[in-house]
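Chemist: Okay, here's the structure, questions in a sec.
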């Protein structure tokens, strides 16, 4: 059974997930160019003291995203 989808911005520190899809076409293009492709595993590595931005590991590097940007990415959390 597939895990329910959630937003990338809702992951907890250290949690891993698989990118499923995007809710914003403009932001999707930018994220795709940075290696955030469907099927790619991501991990939430850092959260700024005020909660925004966040840093995720994806495609072998650390990517910083605003929470608003991360909320456009639907992911399937890994257990």
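The numbers here are math on the coordinates, done by the rules we state, and not lab data. This one's a predicted model, so the numbers in the text were calculated from it and none came from an experiment.
Chemist: For the chain, what does the helix formula give at 222 nm: sum of -39500 (n - 2.57) over DSSP H segments with n ≥ 4, over the residue count, nearest 500 deg cm²/dmol?
Modeler: Helix contribution divided over all residues of the chain: -4000 deg cm²/dmol.
Chemist: State whether the range 21-72 is rounded, prolate or oblate according to the following rule on the C-alpha gyration tensor (a ≥ b ≥ c being the square roots of its eigenvalues): a/c under 1.5 gives rounded; otherwise a/b larger than b/c gives prolate, and the remaining case gives oblate.
Modeler: oblate
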